[in-house]
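The values are calculated or read from the model by the stated rules, or taken from the named source; none is laboratory data. Remember, predicted model here, so these are calculated numbers, not experimental data. Using ideal geometry, Cβ is built from the backbone for each residue, glycine included, and neighbour counts are taken over all protein chains shown. Side chains are part of the model used for accessible areas, which takes the heavy atoms of the whole protein and leaves out ligands, DNA and RNA. Shrake-Rupley method; radii C 1.70, N 1.55, O 1.52, S 1.80 Å.
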There are 2 protein chains.
Amino acid sequence: MKTELLFSLWEENSFQKLRAFLAEENPIDIAEMLEALEESEGKSLPALYRLLPKSIAAEVFVEFDSDTAERLISALSDKELAETLSEMFYNDTADLIEEMPANVVKRILKNCSPDDRKEINRLLKFPDGSAGSIMSTEFVSLHSEMTVKDALEHIRKVAPDKETVYTCYVIDERRTLNGFITALTLLTNPVEKSIGELMESNVISVTTNDNREDVAKLLTKYGLLALPVVDSENRLVGIVAIDDAIDVLKEEVEEDFAVMAAITPTEVSYLKTPVFTIFKSRIPWLLLLMFTATFTGMIISAFENALASKVALAVFIPMLMGTGGNCGSQSSITVIRSLSLGEIKLSDTIKILAKEFKVSIICGACLAVFEFVKIITLDRFLLGNGMDVLIALTVSLTLIAVVLFAKIVGAALPLAASKLHLDPAVMASPFITTLVDTASLLIYFSVASMILGI
Amino acid sequence: MKTELLFSLWEENSFQKLRAFLAEENPIDIAEMLEALEESEGKSLPALYRLLPKSIAAEVFVEFDSDTAERLISALSDKELAETLSEMFYNDTADLIEEMPANVVKRILKNCSPDDRKEINRLLKFPDGSAGSIMSTEFVSLHSEMTVKDALEHIRKVAPDKETVYTCYVIDERRTLNGFITALTLLTNPVEKSIGELMESNVISVTTNDNREDVAKLLTKYGLLALPVVDSENRLVGIVAIDDAIDVLKEEVEEDFAVMAAITPTEVSYLKTPVFTIFKSRIPWLLLLMFTATFTGMIISAFENALASKVALAVFIPMLMGTGGNCGSQSSITVIRSLSLGEIKLSDTIKILAKEFKVSIICGACLAVFEFVKIITLDRFLLGNGMDVLIALTVSLTLIAVVLFAKIVGAALPLAASKLHLDPAVMASPFITTLVDTASLLIYFSVASMILGI
């Protein structure tokens with residue numbers, strides 16, 4: 001609806017009304033409207049962008065995805081680009097640079113002031129996935145000898161350039177982190193009190209090299225709005241704000257889902273990803289898993305004669321493999337998520353395996369009884385006379401063994417991956433399914449040859 | 001390490017040191033330490049709880065899980081319970097009540113002041129999963145004729161009882177929501193300015209009946225610290241704060257993972273969940289999926305003679321079903337997540353299916369070529385002479401059809417679920433696998449009977 005209003009104002013050339021309208025809107029909504037107008041009406045996004053009041057142009061800019069940002073940059077003059085960049089936070093510029101091709105990066109850096117360039121280059125040096133790579137260097141720092149009044153005056157002056165003013169950090173002349181004080185404390189205490197007296201010195205901090213996911217979890221665990229980042233000498237170098245932490249957690253969850261779906265994660269949204277890119281993110285896993293199915297093929301091939309003499313056995317192959325796969329993914333996904341949430345640790349391995357053992361015995365027994373009864377009643381009727389008590393016994397015993405194997409392996413593999421410092425999610429369903437499929441068939445034919453003597 | 005310090009202070013009966021130590025710690029850490037001491041050293045948690053300074057006891061209390069909270073409540077005297085309850089936020093008490101058995105609920109309500117009881121009962125009436133059920137009623141409200149100075153004085157007075165002071169809401173005498181103003185704006189503007197002049201009147205709000213997940217997404221999308229909740233007449237009744245929104249998003253993600261693992265979600269952490277409860281959360285899905293495997297059984301049974309005449313065909317059943325399952329979950333998980341992130345909408349259905357169609361054609365063709373070559377080279381060598389060009393052709397053609405079917409169905413079912421207002425995640429892997437398994441076999445035997453004439 002708002003997009004239509006924007007469109008009609010644009011069509012009528014009511015630029016003044018347009019500017020007034022845009023000045024009232026949220027930058028995130030404006031970015032969406034501009035993208036929608038470009039896509040549906042073919043309006044030039046750079047032309048629309050130029051209509052934005054300077055005060056919000058940069059805020060809108062950071063909301064665009066990298067494709068749009070790149071096109072926009074190439075359409076902007078050096079002066080326009082420099083204006084936008086000067087309004088952006090350093091960490092947003094650093095993020096932008098990481099997504100742009102070399103020639104655009106050159107142009108961006110050329111249009112930053114020397115001081116800004118230095119700050120941005122410093123941020124770019126932190127390794128991907130580290131706290132340093134997501135931190136903001138624009139925070140409010142105070143000194144312990146300041147009074148509340150001094151602090152409030154300082155905040156008033158520096159606020160426009162800061163990521164947040166709600167948590168301020170107290171440092172000494174060597175920039176060592178000594179404590180923090182919230183805006184709430186400043187607002188509710190007498191103005192003559194000193195910061196040193198009021199600050200909280202029991203401060204939770206992380207270092208620049210800490211894993212960004214751990215940092216994000218720490219922030220949400222303690223319900224903080226920001227977390228200070230220090231260097232190896234406990235000097236304050238940045239903060240991670242809650243919204244950046246939420247972005248990290250979202251990305252990590254999407255990665256876990258992608259790995260479970262046997263897809264290489266992509267950062268662009270589904271509809272914007274070209275078909276060939278989707279193909280490339282999916283085919284390696286499909287090929288890999290198809291080739292590993294050679295093992296199940298080999299097992300069936302080895303028992304070909306047994307199968308030929310009792311074709312009824314083939315009837316239960318899909319059910320056994322399916323149940324094994326489901327049991328395996330129940331355990332593996334439970335363990336992967338519990339590890340990821342920090343509910344279990346590697347030292348709990350014995351407890352976890354013991355628990356899965358007990359659960360699998362009850363589950364296996366329950367499934368076996370149901371399947372036994374089903375084969376000698378329903379299946380005999382539906383699938384014909386081949387279904388006798390010995391087949392039922394074979395299938396039921398196999399079920400118990402398969403459930404046990406699937407649940408233990410499903411729980412153990414993510415723990416093993418974690419022990420080897422791999423992402424436990426790579427041990428999700430597809431891999432476990434392959435392993436469980438192979439084992440299921442081996443167990444099935446072994447039990448069958450014992451009971452049916454084939 | 002800190003837990004050990006706490007333990008040794010307790011063992012030495014140094015209660016004064018203990019209190020001093022606890023007063024410095026974060027409530028979340030204290031809750032963890034008390035639970036750990038109870039579990040590892042058999043220390044009475046209520047006895048430890050009583051040592052806490054009154055100011056932080058309630059903050060520690062809300063961090064306990066429901067089992068611990070229930071035990072603790074039964075150990076506390078009415079007076080102690082009333083003290084803890086009076087320090088708690090209404091929405092925390094309401095959450096607690098929802099998790100307690102009837103007799104405990106009675107005791108909790110009896111120990112609340114009449115005013116508190118009224119507030120809590122009002123919160124309890126909102127349906128599960130609504131914005132009303134997660135909102136806090138303790139927010140700062142201002143009037144537009146107040147000056148910044150008035151507002152700051154008001155905040156100073158009411159701050160201790162409020163969920164947040166960083167976003168204040170501007171209402172009129174009928175409690176209609178007219179705008180909001182941040183603490184940042186208050187801190188950076190002249191004290192004589194009026195709130196009406198400075199407030200942002202373009203305010204994003206939700207109603208009490210809105211879905212809590214949508215509310216949480218809105219909050220994180222706009223990077224807000226709190227979102228106002230209004231009733232049907234636009235009267236402000238509460239706020240949803242960022243930390244409650246994060247909790248909602250976490251829960252929803254865990255539910256999605258659980259559904260994909262074919263598990264009924266539980267709220268208690270894995271290690272604390274009894275074996276029988278885990279069994280109950282897993283067995284219904286295993287039984288259901290085992291019974292649906294009757295279809296695959298029936299198909300194999302129907303083609304028993306064909307299979308008997310060409311047992312080599314059985315070799316590829318696991319591979320075909322596995323590849324189909326993997327293709328299906330790649331598409332379904334992609335669509336489920338994109339829906340959940342709001343990247344795609346139901347109106348994009350045609351676009352999505354067209355995209356999956358193209359991807360599946362390329363994937364299918366690629367897999368078919370690889371498999372064809374593999375069968376007439378590697379498999380012939382590994383699996384014996386049964387592997388000829390006709391078998392290779394049968395398997396390859398089946399692969400293309402299976403990949404196509406799996407990807408289209410995998411994308412379509414979550415969209416259909418969403419259309420029917422069901423959670424798209426219920427259409428995740430296990431259900432799609434069953435459907436794809438059945439279809440794969442039907443396609444396989446049909447292609448085989450055409451090509452091999454069996």
Relative to the longest principal axis of chain A, what angle (0 to 90°, nearest 10) does the C-alpha long axis of helix A:349-374 take?
-> 50
Ordering of A:248-258, A:202-212 by packing [mean C-beta count within 10 Å, highest first] | A:248-258, A:202-212
Using a label point 7 angstrom from Cα along Cα-to-C-beta, what distances in nm, from shortest up, separate B:D150 from the other copies?
-> 3.4
Only Lys, Arg, Asp and Glu count, each charged at its Cβ (+1, +1, -1, -1), so figure out the dipole size of chain B about its Cα centre, rounded to 20 debye.
-> 1680
Rounded to the nearest Å, what's the spacing between the alpha carbon centres of segment B:11-66 and segment A:102-148? Just the number, please.
-> 41
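In segment A:272-307, which trypsin sites (Lys or Arg not before Pro) are in a loop and have at most 16 other Cβ atoms within 10 Å, using DSSP for the loop call?
Numbers: sites: A:K272, A:K280, A:R282; in loops: none.
Listed in order of number, the matching sites amount to none.
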A 1.4 Å probe over the protein heavy atoms gives chain B a carbon and sulfur accessible-area percentage of 58
When the C-alpha atoms of the protein assembly as shown are aligned to their principal axes, what extent does each axis show, in angstrom, from largest down?
-> 94, 74, 56
How much length is gained if the chain between B:A36 and B:S232 is pulled fully straight, taking 0.36 nm per residue apart and subtracting their Cα-Cα distance, in nm to one decimal?
-> 65.9 nm
Set the Förster radius R0 to 56 Å, insert the Cβ-Cβ distance between A:R156 and A:F357 as r into 1/(1 + (r/R0)^6), and round the FRET efficiency to 0.05.
-> 0.35
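Taking segment B:36-143, which trypsin sites (Lys or Arg not before Pro) meet the DSSP loop condition and have no more than 12 other C-beta atoms within 10 Å? Provide the component values of the computation, followed by the final result.
Details: sites: B:K43, B:R50, B:K54, B:R71, B:K79, B:K106, B:R107, B:K110, B:R117, B:K118, B:R122, B:K125; in loops: B:K43, B:K125.
Hits after loop and neighbour filter: B:K125.
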Exercise: per-residue mean of other protein chain Cβ atoms within 10 Å, B:277-284 = 5
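Using only protein heavy atoms and a 1.4 angstrom probe, determine the accessible area buried between B and A, summed over both sides, in Å² to the nearest 100. Could you put the intermediate results ahead of the total?
Working: alone 24420 and 24410 Å², together 39290 Å².
For chain B against chain A, roughly 9500 Å² becomes buried.
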Just grab the label-to-label distance for B:K2 and A:A47, each label 7 Å out from Cα along the Cβ direction, in nm (one decimal).
-> 6.0
Any chance you could check the Cα centroid distance between segment A:396-449 and segment B:331-393 for me, in angstrom?
-> 24
Given a 1.4 Å probe, the accessible area of the protein assembly as shown per residue, as a whole number of Å², is 43
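Give, as a single signed number, the net charge of other residues whose beta carbon lies under 11 Å from the beta carbon of B:G325, with Lys and Arg counted +1 and Asp and Glu -1.
Values: positive: none; negative: A:D437, B:D437.
Once positives and negatives cancel, what remains is -2.
Give the relative contact order (percent, whole number) for chain B; include only Cα pairs under 8 Å separated by 6+ residues.
Values: 574 pairs, mean separation 47.9, N = 454.
Value for chain B: 11 percent.
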Once fully extended, how much extra length lies between B:S14 and B:H421, figured as 0.36 nm per residue of separation less the alpha-carbon to alpha-carbon distance?
-> 140.6 nm
Placing a label point 7 Å from Cα toward Cβ, how far apart in nm is A:L287 from its equivalents in the other copies, listed shortest first to one decimal?
-> 4.4
What does the average come to when, for each residue of peptide A:436-444, you count the partner chain Cβ atoms lying within 10 Å of its Cβ?
-> 1
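Given the rule -39500 (n - 2.57) for each run of at least 4 DSSP H residues, summed and divided by the residues of chain B, what is its mean residue ellipticity at 222 nm, to the nearest 500 deg cm²/dmol?
On the way: 24 runs with 293 residues, N = 454.
-20000 deg cm²/dmol, from helical runs alone.
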Give the nm distances, rounded to one decimal, from B:D128 to the matching residue in every other copy, measuring between label points 7 Å along Cα toward the beta carbon; shortest first.
-> 4.2
Can you list which of the chymotrypsin sites (Phe, Trp or Tyr not before Pro) found in segment B:37-111 are DSSP loop residues with at most 15 other C-beta atoms within 10 Å?
-> none
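How high is the FRET efficiency from B:V268 to A:A102, r the C-beta distance, R0 60 Å, rounded to 0.05? Provide the component values of the computation, followed by the final result.
On the way: r = 52 Å, r/R0 = 0.86.
The pair B:V268/A:A102 has a calculated efficiency of 0.70.
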Shielding by partners - mean other protein chain Cβ count within 10 Å, residues of A:297-308 = 5
Counting only the heavy atoms of the protein chains, how much of A:D214 is accessible to a 1.4 Å probe, in Å² to the nearest 10?
-> 90
